[in-house]
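So the structure is just underneath, and the comments pick up after that.
Each reported figure results from applying straightforward, stated rules to the coordinates on display, with no laboratory input. None of the values given here were measured: they were computed from a predicted structure. A quick note on method: Cβ atoms are made from the backbone with ideal geometry, for glycine too, and the neighbour counts reach across all protein chains shown.
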Amino acid sequence: MSTAVTAMLVLGGCAASGGKIDGKIGVINSQRVLNETSAGKKAKDNLTSFSKNRQALMELEERELRRMEEDFVKQSSVLSPAAKREREEQFRRRMQEYQQKASELNREVQEKQKDVLEGFRDKIETVTAKVAKRLGLQVVVDKTKGGTTIYHEESLDISGPVIEEFNKEYP
């Protein structure tokens, strides 16, 4: 029997028999922690800067490609057929290089984002565990959009204390 099915049966059994589950649960919004902590803001700024830098490189390449194309159009009437083919081939090669570079830079941005966010997530988990222990909580659930939390009472949200602690540990 799977763990999920076992958990459902146990919880269902408790609920059906009128039993109460004793435990302290907290809820956190990790997106809020990212947006409202000093370290989160720095991480987002670093990602934005990194992404803009890569975008600037691509815009430079695009301008060069447009310039090549414009030159070719202007000169095509005076070029010999062999010279036209040579220029077209140069443009095709340059376009392929551009596409490969764009793909590579996009991959770099995605990897950087993944690394930064995973590192930040590790810090959130560490600080959340510290706050949860201090508050005597047994479980903390992430309520960030896309998560599995459908409903919770606002009083269970410990995002504020986690943000305060996070700013102390990672100024």
Which whole-number percent is the relative contact order of the chain (Cα, under 8 Å, 6+ apart)? 50 percent
Can you tell me what the convex hull of the Cα atoms of the chain projects to on average, as an area in nm²? 16.5 nm²
Under a 5 Å amide H to amide H cut-off, with H placed in plane at 1.01 Å, what residues pair with ASP142 once short-range neighbours are removed? ILE28
Extended-chain gain in nm, criterion 0.36 nm per residue less alpha-carbon gap, HIS152 and LEU47: 34.6 nm
At R0 = 41 Å, how high is the FRET efficiency between ARG94 and ARG121 if r is their beta carbon distance? Nearest 0.05 is fine. 0.55
How would segment 59-134 be classified by its alpha-carbon gyration tensor: rounded, prolate or oblate, with rounded meaning a/c under 1.5 and the a/b versus b/c comparison settling the rest? prolate
